[in-house]
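Bear in mind that the values in this text are calculations on the coordinates, not laboratory data. Please read these numbers as outputs of a predicted model, since none were measured by experiment. Cβ placement follows ideal geometry from the backbone for every residue including glycine, while neighbour counts extend to all protein chains displayed.
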Amino acid sequence: MPTIVRGLYYDGWKPAETPVKMSNEEFLARVRSEFPYAVEGGSEKLVRTVLKSLERHVSAGEWQHLKPRVPNSFAALLP
């Protein structure tokens, strides 16, 4: 799992570039447009499922450290 996450999110990532800020609706629309498979329950359920899976693979301390650092609107999606 960590290799998959690194491959999807970090390879080619340039932290010096400004992150793209978007609302939850814009984020979910982007997931919907870039994820090529139909998902029962829609993009929000997909995002929640992925985040729940990530939570299982990150230590509890790291997860608790992460939660207050994401925007409040996105934090609502976190398990």
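Observations, loosely collected:
- For the range 36-65, GluC sites (Glu not before Pro) meeting the loop criterion (DSSP other than H, G, I, E, B) and having at most 14 other Cβ atoms within 10 Å: GLU40.
- If you take the alpha carbon atoms of the range 23-79 and fit the smallest convex hull around them, that volume is 82 Å³ per residue.
- Each residue of the range 64-79 was assigned a 3J(HN,Hα) from its phi angle through the Karplus expression (A = 6.51, B = -1.76, C = 1.60, θ = phi - 60°), giving 5, 5, 6, 3, x, 9, 9, x, 3, 5, 6, 4, 5, 7, 6, x Hz with x at Gly and Pro.
- Karplus (6.51, -1.76, 1.60) ³J(HN,Hα), θ = phi - 60°, over the range 36-53, in Hz, Gly and Pro reported as x: x, 10, 6, 10, 5, x, x, 5, 5, 5, 4, 4, 4, 5, 5, 5, 5, 5
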